[in-house]
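What follows is a short report on a single structure.
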Amino acid sequence: MNIKQRILFVLVIIATISACTPDEVEFSIPPPRDRAEQQITDNDSLLNYLSTHYYNRSTFDDTSQDYSIDDIIITQLPTDDDGNFLDLPDPDNNELLIDAVQTFNSSFQGADYEYYVLNLNPTASGAQPNFTDDVSIKYSGTMQDGDDFDSTPNPITLDLISVIPGWRDVLQDVNTAESGPTVNPDGTVSFSNYGFGVMFLPSGLGYFNAPPPGSGIFAYSNLIFKFELYDATPNDHDSDGILSHLEDLNNNEDITDDDTDDDAIPNFFDADDDGDGVLTINEDLNNDGDPTNDDSDNDGIPNYLDEDSTESNES
């Protein structure tokens, strides 16, 4: 299963649990740990991993070539008889991850996080995704012990609002392909000069205490994803004429807490954002395809967010 399928699977499991009778086996998730405290543990573990593992750097020296995630080989440093780590082998061709990754920061559910990205194609020049876009991507996921838990042999499309938070953080800073898709003679498609690398995520930006059942991921597991990012397409989830990332009114990259009319439906899923009885798409009075620039009473609040402005382009 890919990441999106697992999220849907978890929702089904939750619904099933709530319908259990007393005689049925119940599935329970342990109470979550303190996120800030767990992040300290997770970050120490990630830094230790990055300091004791290396990758085949010289493989990617030719920046004119497109590479695959299968070309990325991450190896643990050799050890002596006492288990002490030895020096980096063949330093002309290999590099310690700790010396190659970029460090990023983000906040999620009240905790501050550090995560790490190995960007293997900084020359990619396509647009970076918004945090609500659909992305075309190929990836493989492992835990720090090297166990694989997920992969896609072919590119798939994922909605970034439906994936783990670490993906939204990372992929917004990765460029998509310079060109493509190109349809090949065998019917497959290909891209050129795409975003490419590895992300190293703490559990708090992954599944934290509730990994998908049957996924092989343990609670509080740090996750590693190799990825090829090809394309991004902006979403308008409620088809109201406003792209979903623009419905993040408080700019916190959480579109679920923006609800202008307090009807318990966030704006990005609400066809009438201000609850004035006029559909948001019909408050585009100048019919330029953008309801955000129509303000009939010049009060600085666009009509689609102003319940006192009920003009419609249908009248």
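The values are calculated or read from the model by the stated rules, or taken from the named source; none is laboratory data. Only a predicted model underlies this, so the values are computations on that prediction, with no experimental measurement involved. Here the Cβ is made from the backbone with ideal geometry for all residues, glycine too, and neighbour counts use every protein chain on show. Just so you know, the surface numbers come from the protein's heavy atoms only, side chains and all, with ligands and any DNA or RNA stripped out. Shrake-Rupley method; radii C 1.70, N 1.55, O 1.52, S 1.80 Å.
Ignoring any ligand, DNA or RNA, what whole percent of the accessible area of the chain comes from carbon and sulfur when the probe is 1.4 angstrom? Could you put the intermediate results ahead of the total?
Numbers: 7560 of 15820 Å².
Carbon-and-sulfur percentage of accessible area, whole number: 48.
Taking Cα atoms, how many degrees apart are the long axis of helix 35-52 and the longest axis of the chain, rounded to 10 and kept between 0 and 90?
The answer is roughly 40 degrees.
Compare the peptides 216-226, 94-104, 250-260 by average per-residue count of other Cβ atoms within 10 angstrom and give them in order, highest first.
Numbers: 216-226: 19.5, 94-104: 16.1, 250-260: 14.4.
Sorting 216-226, 94-104, 250-260 by mean packing, highest first, produces 216-226, 94-104, 250-260.
How far is it, in nm, from the label point at ASP62 to the one at ASP92 when both lie 7 Å from their Cα along the line to the Cβ?
In this crude label model, ASP62 to ASP92 measures out at 1.9 nm.
Once you have a ≥ b ≥ c as the square roots of the Cα gyration tensor eigenvalues for region 82-209, tell me rounded if a/c is under 1.5, and otherwise prolate or oblate according to whether a/b is larger than b/c.
Numbers: a/c = 1.75, a/b = 1.25, b/c = 1.41.
In terms of gyration-tensor shape, oblate.
Using a ≥ b ≥ c from the Cα gyration tensor of region 139-256 (square roots of the eigenvalues), is it rounded, prolate or oblate, where a/c under 1.5 gives rounded and otherwise the larger of a/b and b/c decides, a/b for prolate?
It comes out oblate by the Cα gyration axes.
Answer with one residue from ILE164, LEU305, ILE255: the one whose Cα lies farthest towards the positive end of the charge dipole of the chain, charges on Cβ with Lys, Arg +1 and Asp, Glu -1.
So the residue furthest toward the plus end is ILE164.
Which FRET efficiency value, to the nearest 0.05, do you get for ASP261 and GLN128 by plugging their Cβ-Cβ distance into 1/(1 + (r/R0)^6) with R0 = 35 Å?
Details: r = 32 Å, r/R0 = 0.90.
Taking R0 as 35 Å, the efficiency between ASP261 and GLN128 is 0.65.
Full extension from ASP147 to LEU47: what is 0.36 nm times the residue separation minus their Cα-Cα distance, to one decimal in nm? If you can, show how the numbers build up before the last one.
On the way: separation 100, 0.36 × 100 = 36.00 nm, distance 1.86 nm.
That pair, ASP147 and LEU47, stretches by 34.1 nm at full extension.
Counting Lys and Arg as +1 and Asp and Glu as -1, what is the net charge of the other residues whose Cβ lies under 15 Å from the Cβ of VAL170? Display every interim value, and only then the final one.
On the way: positive: LYS138, ARG168, LYS226; negative: GLU114, ASP133, ASP169, ASP173, GLU228, GLU253.
Net charge in that neighbourhood comes out at -3.
Evaluate the relative contact order of region 29-88 (contact order divided by residue number), counting alpha-carbon pairs under 8 angstrom at least 6 apart; express in whole percent.
Values: 32 pairs, mean separation 16.5, N = 60.
Reported relative contact order: 27 percent.
Using a 1.4 angstrom probe, figure out how much accessible area region 183-315 has per residue, in square angstrom, rounded to the nearest whole.
On the way: 5850 Å² over 133 residues.
I get 44 Å² per residue for this part.
Here are several values of volume of the Cα convex hull per residue in Å³: (1) 122; (2) 198; (3) 138. Which one was derived from the coordinates shown?
The value matching this structure is (2).
Please work out the C-alpha center-to-center distance from region 28-61 to region 66-103 and express it in whole Å.
Between the Cα centre of region 28-61 and that of region 66-103, the gap is 15 Å.
Based on alpha-carbon centroids, what's the gap between region 256-315 and region 210-253 in Å, whole number please?
26 Å
Please tell me the relative contact order of region 51-144 in percent, rounded to the nearest whole number, where contacts are Cα pairs under 8 Å and at least six residues apart.
After rounding, I find 25 percent.
If I take every Cα pair under 8 Å that is 6 or more residues apart in region 227-315, average their sequence separation and divide by the length, what percent do I get for the relative contact order? Intermediate values should be presented prior to the final figure.
On the way: 143 pairs, mean separation 19.0, N = 89.
Reported as a whole number, the value is 21 percent.
Quick one: Cα centre-to-centre distance for region 123-141 and region 158-174, in angstrom?
8 Å
Could you give the size of the charge dipole of the chain about its Cα centre, using +1 on the Cβ of each K and R and -1 on the Cβ of each D and E, expressed in debye and rounded to the nearest 20? All intermediate terms of the calculation are to be shown ahead of the outcome.
Values: 8 positive and 66 negative charges, 416 e Å.
Using only the charged Cβ atoms, the result is roughly 2000 debye.
With point charges of +1 on the Cβ of Lys and Arg and -1 on the Cβ of Asp and Glu, referenced to the Cα centre of the chain, which listed residue (ILE137, THR103, ILE69) lies farthest in the positive direction of the dipole?
ILE69
At 1.4 Å probe size, with every protein chain present, just tell me what the per residue accessible area of region 123-178 comes to in Å².
Numbers: 2000 Å² over 56 residues.
Normalised by residue count, the accessible surface of region 123-178 is 36 Å².
Please give the helix 3-18 orientation as an angle from the longest Cα principal axis of the chain, in degrees from 0 to 90, rounded to the nearest 10.
70 degrees
Highest mean first, how do 51-59, 153-161, 113-121 rank when packing is the count of other Cβ atoms within 10 Å averaged over residues?
Numbers: 51-59: 17.0, 153-161: 15.3, 113-121: 21.4.
Ranking, from highest mean packing down: 113-121, 51-59, 153-161.
For SER107, what is the net charge nearby, where nearby means another residue's Cβ is under 12 Å from its Cβ and Lys, Arg count +1, Asp, Glu -1?
Working: positive: ARG35; negative: ASP112, GLU114, ASP169, GLU253, ASP254.
Computed value for this residue: -4.
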